Structures are given as structure tokens and as C-alpha cells.
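Notes follow once the structure below has been shown.
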Amino acid sequence: MKIDEEGRIIEFAEKPNGEQLKAMKVDTTILGLDDERAKEMPYIASMGIYVVSKDVMINLLRDKFPGANDFGSEVIPGATSIGLRVQAYLFDGYWEDIGTIEAFYNANLGITKKPIPDFSFYDRSAPIYTQPRYLPSFQDAGC
């Protein structure tokens, strides 16, 4: 995606490649990256996580884009095209695209292959909560 100096999304393309990808280069120093990191990371990708007010969501889906089936490829680009303020947030932590079963599997294996993972399960400032599943034990019924 392309953003202006205030972090507002001005152009959005879902998984661009080739010339369309080259056209999406931006100066990422406006997001707080130093010059060296900005050169290494000249693109801004969407993580597919959106925060939208209920009223705006209803307006977008019911009135503006009633035939839309995909939020990332239809609703967000449509919202920017009609002048709605769509803001980006720079997330600089661990994230993996797990949109396929293979990607999910590889992301899980990737965590085990590093001596120190890219994130901590025990960070008190950003805890990861889990819910135990109290399931009965396995019973072999001679199947």
C-alpha cells in the first residue's frame, strides 16, 4: 500500500507484483524507520487486520460496496477511492502470513527452528493468553 506523510492510505493493492509492486515503493522513514532500514524495507504490506467502527462498516458493506466479497481486495481500496480516511499503523513485531494450510504449517515449524524465536511467549508487557482444553484422555476401542 502507499501512504502519505500522515500515514493515510492513498493507494491499496492486494498482493501486487511486477510493475504494480514497483509502483508501490514509498519512503518508509515517515513511519519512523531510519534511512538504512527504510532502504531495506521500501514497501508497506497489509497484515489483514482492520479496526472499523460499526456505522462505517455497515455503510461500506450495505450501501457503498454491497457486492464485495473480500475486505482487503475490494472494500479497503474502495474506501480509499471514495475519499474515506483509511489510516495505516506500522507494526514492527513478529507476523507471518498464514493464509494457507502450508503457510500455517511452515510458520509453526519456523518457530521451532530458531534457538530464540522472533517473539517471546513470556513477555509481561505483551502476554499471549491461551485457554486450556479439558478433554478426556484417548481410549483405544480396538478400532
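For this structure, a couple of remarks:
- The one condition in (1) among the aliphatic types (A, V, I, L, M); (2) out of contact with any strand residue (DSSP E or B) (no Cβ under 9 Å at 6 or more places or on another chain); (3) modelled with pLDDT of 90 or more; (4) within 26 Å of V26 (Cβ to Cβ) that M41 fails to fulfil: (3)
- Answer from V56, V51 - the residue that is at pLDDT 90 or above, out of contact with any helix residue (DSSP H, G or I) (no Cβ under 7 Å at 6 or more places or on another chain) and not in a helix (DSSP H, G or I): V51
- Looking at L21, L33, just one residue is under 19 Å from the mean Cα position of the chain (by Cα) and part of a loop (DSSP other than H, G, I, E, B), and that residue is L33.
- Some residue of segment 70-84 being farther than 21 Å from K2 by Cβ and surrounded by 12 or more Cβ atoms within 10 Å (Cβ to Cβ): no
- In segment 99-128, the residues that are closer than 21 Å to G48 by Cβ and either in contact with a Leu (Cβ under 9 Å, 6 or more places away or on another chain) or part of a loop (DSSP other than H, G, I, E, B) (or both): G99, T100, D118, F119, A126, I128
- Qualifying positions in segment 16-44 - surrounded by fewer than 13 Cβ atoms within 10 Å (Cβ to Cβ) and in contact (Cβ under 8 Å) with a residue 24 or more places away in the chain: G32
- Conditions (1) touching a residue at least 60 places away in the same chain (Cβ under 8 Å); (2) assigned by TED's automatic domain parsing to the domain that holds A38; number of the one not met by I58: (1)
- Tabulated pairs, segment 84-106, first among the small types (G, A, S), second surrounded by fewer than 11 Cβ atoms within 10 Å (Cβ to Cβ), C-beta under 9 angstrom, 6+ apart or interchain: G93/A126
The values are calculated or read from the model by the stated rules, or taken from the named source; none is laboratory data. This one's a predicted model, so the numbers in the text were calculated from it and none came from an experiment. Every residue, glycine among them, receives a Cβ derived from its backbone with ideal geometry; neighbour counts consider all protein chains shown.
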